[in-house]
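Contents: one structure, followed by commentary.
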Amino acid sequence: MRTIVSAAVIGFALALAACSQGEQDKAQAEVNEAASDVKTGAVEVGTEMEAGLDKAGAELKEIAKDPDVQRAGDEAEAALKRLGTAIRTADDNDTPAENAAAAEKK
């Protein structure tokens, strides 16, 4: 990547060297204008993104305050706790396959 950028810079420099001073000034002005346009566009995009993110954040806060959402969250939390308890209980007990294997050994 560095090689490509270096080659482009060298090519641009050689192209400018082959041009008259007026052409070099015109090319420099065009480059400056393009850079300014890119900067302006980036600032506009950043501002739009910030506004969109602020709006999304506010909407998420409102959603989180909704009683139905809070109730669903509480239900999900309770279900996960029950699942965790069931997994611990199942882990503490032998599985049917382990019981059958133990019975065959006797």
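Where a number appears in this text, it was derived from the coordinates with a stated rule and is not lab data. What you see is a predicted model, and the numbers here were worked out from it, not measured in a lab. Because the Cβ atoms are built from the backbone with ideal geometry, glycine has one as well, and the counts that use them run over all protein chains shown.
For K55, go through the aspartates and glutamates and keep the ones whose alpha-carbon is under 19 Å away, minus same-chain ones fewer than eight residues off.
Leaving aside aspartates and glutamates fewer than 8 places away in the same chain, those within reach of K55 are E44, D66.
Rounded if a/c is under 1.5, else prolate if a/b is larger than b/c, else oblate: which is the stretch 18-92, with a ≥ b ≥ c the root eigenvalues of its Cα gyration tensor?
On the way: a/c = 14.97, a/b = 3.15, b/c = 4.75.
Cα axes put the stretch 18-92 in the oblate bin.
Which order do D25, D68 fall in if you start with the one that has the fewest other Cβ atoms within 10 Å?
In order of increasing Cβ crowding within 10 Å: D68, D25.
Can you tell me the FRET efficiency between K81 and K55 if r is taken as the Cβ-Cβ distance and R0 is 35 Å, rounded to the nearest 0.05?
0.50
Go through A27, A42, A72 and say which Cα lies farthest out towards the positive end of the charge dipole of the stretch 18-92; charges sit on Cβ, +1 for Lys and Arg, -1 for Asp and Glu.
Sorting the options by dipole projection puts first A72.
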